[in-house]
Amino acid sequence: MQHLADRYGHGPVQLAEIAGAQNIPAKFLTVILSELTRYGLVDSRRGRDGGYWLAIAPIDISYGDLIRIMRGSLALVPCASRFAHEKCKNCVEEGDCRTRALMLDVRDRTAQLLDGVRLSDRIELVPAFEAEGPVNDTGNDTGT
């Protein structure tokens, strides 16, 4: 997602470019991008000029959003999850558990941090020549 955010507004990014730059196997990346497309965060187009791009602006996507989509929860243990709460296996009752209160605090602090960081906060601007070919801004056609 950060790779796509870095190239936001430059048009589609090919799967091979993302896979190579991020060292992710293409088959695995296809699954990830399909899931992100289902959630409306990524769009795609097939064909020679196709690829992937962010469907919404990087400022509108937090790291907390991404982790919730990919993992389902920010909580380290099931009993501390806000949206996928489950009783922990082989554990004492939640009311008697002294660790649960700490895990709830960890979850809340993690959410505060990750929800406060947007993809746009971490963008590394990609010069136009990398995304679209060389740009000659000197006004002459010498190619230098």
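The values are calculated or read from the model by the stated rules, or taken from the named source; none is laboratory data. Model, not experiment: these values are computed from the prediction. FYI the Cβ positions are ideal-geometry reconstructions off the backbone, even for glycines, and counts take in every protein chain you see.
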Pull out all pairs, ordered by first then second residue, where Cβ-Cβ is under 6 Å, the residues are six or more apart or on different chains, the first lies in segment 52-64 and is among the β-branched types (Val, Ile, Thr), and the second is buried (at least 18 other Cβ atoms within 10 Å of the Cβ). Ile59/Arg118; Ile61/Leu119
Would you confirm whether or not segment 16-31 contains a residue that is among the aromatic types (Phe, Trp, Tyr) and without any contact (Cβ under 8 Å) to a residue 60 or more places away in the chain? yes
Scanning segment 44-58 for residues that are of a type in the set (A, V, I, L, M, F, W, C) and part of a strand (DSSP E or B) gives Trp53, Leu54
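With respect to Ile67, is the statement that it is surrounded by fewer than 18 Cβ atoms within 10 Å (Cβ to Cβ), touching a helix residue (DSSP H, G or I) at 6+ places or on another chain (Cβ under 9 Å) and either within 30 Å of Ala101 (Cβ to Cβ) or of a type in the set (A, V, I, L, M, F, W, C) (or both) true?
Against the criterion (surrounded by fewer than 18 Cβ atoms within 10 Å (Cβ to Cβ), touching a helix residue (DSSP H, G or I) at 6+ places or on another chain (Cβ under 9 Å) and either within 30 Å of Ala101 (Cβ to Cβ) or of a type in the set (A, V, I, L, M, F, W, C) (or both)), Ile67 qualifies.
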Tell me, which residue of segment 77-101 that is among the hydrophobic types (A, V, I, L, M, F, W, C), more than 27 Å from the chain's Cα centre (by Cα) and closer than 24 Å to Gly64 by Cβ is surrounded by the most Cβ atoms within 10 Å (Cβ to Cβ)? Cys88
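Among the residues of segment 80-116, which ones are closer than 30 Å to Gly40 by Cβ and assigned to a helix (DSSP H, G or I)?
Within segment 80-116, Ala80, Leu104, Val106, Arg107, Asp108, Arg109, Thr110, Ala111, Gln112, Leu113, Leu114, Asp115 qualify.
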Of all residues in segment 1-29 being in a loop (DSSP other than H, G, I, E, B) and in contact with a helix residue (DSSP H, G or I) (Cβ under 8 Å, 6 or more places away or on another chain), which is surrounded by the fewest Cβ atoms within 10 Å (Cβ to Cβ)? Pro25
Looking at Leu74 and the list (1) crowded, with 16+ Cβ neighbours inside 10 Å; (2) touching a residue at least 60 places away in the same chain (Cβ under 8 Å), which single condition is not satisfied? (2)
Give me a count of the residues in segment 30-43 that are farther than 22 Å from Leu114 by Cβ and in a strand (DSSP E or B). 1
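Please work out if Val92 is closer than 19 Å to Leu4 by Cα, among the β-branched types (Val, Ile, Thr) and not assigned by TED's automatic domain parsing to the domain that holds His10.
no
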